[in-house]
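Have a look at the structure below, then the notes.
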Amino acid sequence: MSSGSNAFAVGSEYGVLKDVYLCRPDNFQWSDIAKEDTTANAVVRATLRDGVAFDRSAASGGFQEFIDAYESAGVSCHFAETDPALSYQVYTRDPSVMTPWGVFLCQMYRQQRRGEIAPTHRFYERLGIPVWNWATAGPIEGGDIHLIKPGVAVVGYTGQRTTEVAAKQLQTWLEAEGWECRLQRFAEHFLHLDLLYATVNERLALMCLDVLPEDFVAWVKGHGIEPVAVTYKEAMQLQCNCMSLGNDRVISSKGAKRVNEALRAEGITVLDPDLSMFTQAGGGPRCLSMALKREAI
């Protein structure tokens, strides 16, 4: 499953992270359309209806803290070319997923985000990263795709952001590479699976046990991964969304205070930039990041 020492490849969610794909929030904003747009994510709709104001300075400062956290951990940051037509381009997790064999290019559900595939594809072309596969069966987004350990993946689907037919297409391709791949349905309200589940290291994952089905939790435990419990309320604040750096380190967010302390109690080093302008729009550290290269396990 590994590739050459200089190649971009990802075979797990927790191998030591070497390179990451980010997009600066130059054009990021909260759209007022989302208040009544039922296709917009539930988190940003609630934020707007509560009258919370977007603070561009806080967004820029928080994102710089995010970059600093990566660089302090020895991770090389690569940036997309920003496009003024794409206000949610900052969430680089969703249009693509890096695999051991090249990039999997997704198909975005919302009309406002479909154009993100263009700068995403150009980015991979610029770095010379091959396309492994390109979703054609229907919408499927990166927040629903988890390479939980080498040779084992789970693809979540709600029927909206990721459809069952598209999830099955990816499952077929992963199984053809010799991987085990579970499909997991969950409610549309939760946007993506990484609102409910995020890998920490080879033995731990953040899990919203209030919501995740018992058979899914049992399946994860069967692969040697135990839950660090996150409540429903915390999950809806993106506190279940972290990005593993490898070697028992994660990037979380400043607002996830109890969850961060629970991780530290497990011996995990937690970096916690202030990402409140992004979490209130429905995306946390994992949503804002696409791993490009991890050390093979």
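Rule-based calculations on the coordinates, nothing more; no lab input. On a predicted model such as this, the values are computed, not experimentally measured, just so you know. Cβ atoms come from the backbone with ideal geometry, glycine included; neighbour counts cover every protein chain shown.
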In order over segment 192-200: 3J(HN,Hα) from phi, Karplus 6.51/-1.76/1.60, θ = phi - 60°, whole Hz, x for each Gly or Pro, gives 9, 4, 6, 7, 10, 8, 8, 5, 9
How long is the gain from Ser57 to Lys233 if the chain were fully straight, where each residue apart is worth 0.36 nm and the alpha carbon distance is subtracted?
60.7 nm
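Viscosity 1.567 mPa s, temperature 4 °C: Stokes-Einstein D of segment 112-187 from its Kirkwood Cα radius, in µm² per second?
Values: Rh = 13.3 Å.
Translational D for this selection: 97 µm²/s.
How high is the FRET efficiency from Thr82 to Asp215, r the C-beta distance, R0 30 Å, rounded to 0.05? Mind dumping the intermediate values first?
Working: r = 42 Å, r/R0 = 1.39.
Rounded to the nearest 0.05, the efficiency is 0.10.
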In Å, what Rg and Dmax follow from the Cα atoms of segment 253-292?
11.0, 30
Scan around Gly102 for amide H atoms under 5 Å from its own, H built in the peptide plane at 1.01 Å from N, and keep only partners 5 or more places away or cross-chain.
Val10
The percentage of Cα-Cα pairs in segment 82-145 separated by more than 18 Å is 28
At q = 0.12, 0.13, 0.16 Å⁻¹, what base-10 log of I(q)/I(0) does the Debye formula yield for the chain when every alpha carbon is treated as an equal point scatterer in vacuo?
-0.69, -0.83, -1.39
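Between Glu188 and Arg264, what is 0.36 nm times their sequence separation minus the Cα-Cα distance? Round to one decimal in nm. Numbers along the way, then the final one.
Numbers: separation 76, 0.36 × 76 = 27.36 nm, distance 3.11 nm.
The span from Glu188 to Arg264 would gain 24.2 nm if fully extended.
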What do the square roots of 5 times the Cα gyration tensor eigenvalues come to for segment 130-281, in whole Å, largest first, as semi-axes of the equivalent ellipsoid?
25, 17, 15
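Before rounding to the nearest 500, sum -39500 (n - 2.57) across all DSSP H runs of length at least 4 in the chain and divide by the residue total; then give [θ] at 222 nm in deg cm²/dmol.
Numbers: 8 runs with 76 residues, N = 297.
Helix-only estimate at 222 nm: -7500 deg cm²/dmol.
Show me the ranking of peptides 222-229, 251-258 by mean Cβ neighbours inside 10 Å, starting with the highest. Let's see the in-between values first.
Numbers: 222-229: 14.9, 251-258: 20.9.
The packing order, highest mean first, is 251-258, 222-229.
Report the Stokes-Einstein translational diffusion coefficient (µm² s⁻¹, integer) for segment 45-186, Rh taken as the Kirkwood radius over Cα pairs, at 10 °C with viscosity 1.306 mPa s. Could you put the intermediate results ahead of the total?
Numbers: Rh = 16.7 Å.
Reported coefficient: 95 µm²/s.
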Net length gained if the chain between Ala296 and Asn247 were fully extended (0.36 nm per residue, minus Cα distance)
16.4 nm
Tyr157's amide H: which non-local residues (gap 5+, or another chain) put their own amide H closer than 5 Å, with H modeled 1.01 Å from N in plane and none for Pro or chain starts?
Gln184, Arg185, Phe186
If you average 1/r over every pair of different alpha-carbon atoms in segment 196-297 and take one over that average, what Kirkwood value in Å do you get?
13.7
Return the sequence-ordered ³J(HN,Hα) values of segment 92-101 in whole Hz as given by the Karplus equation 6.51 cos²θ - 1.76 cosθ + 1.60 applied to θ = phi - 60°, using x for Gly and Pro.
5, 4, 7, x, 7, 9, 7, 10, x, 10
If amide H atoms are built 1.01 Å from N in the plane of the peptide, which residues on other chains or at least 5 residues away come under 5 Å of the amide H of Lys18?
Lys293, Arg294, Glu295
Pop a pseudo-label 7 angstrom from the Cα along the beta-carbon direction at both Gln160 and Glu226 and give the gap in nm to one decimal.
3.6
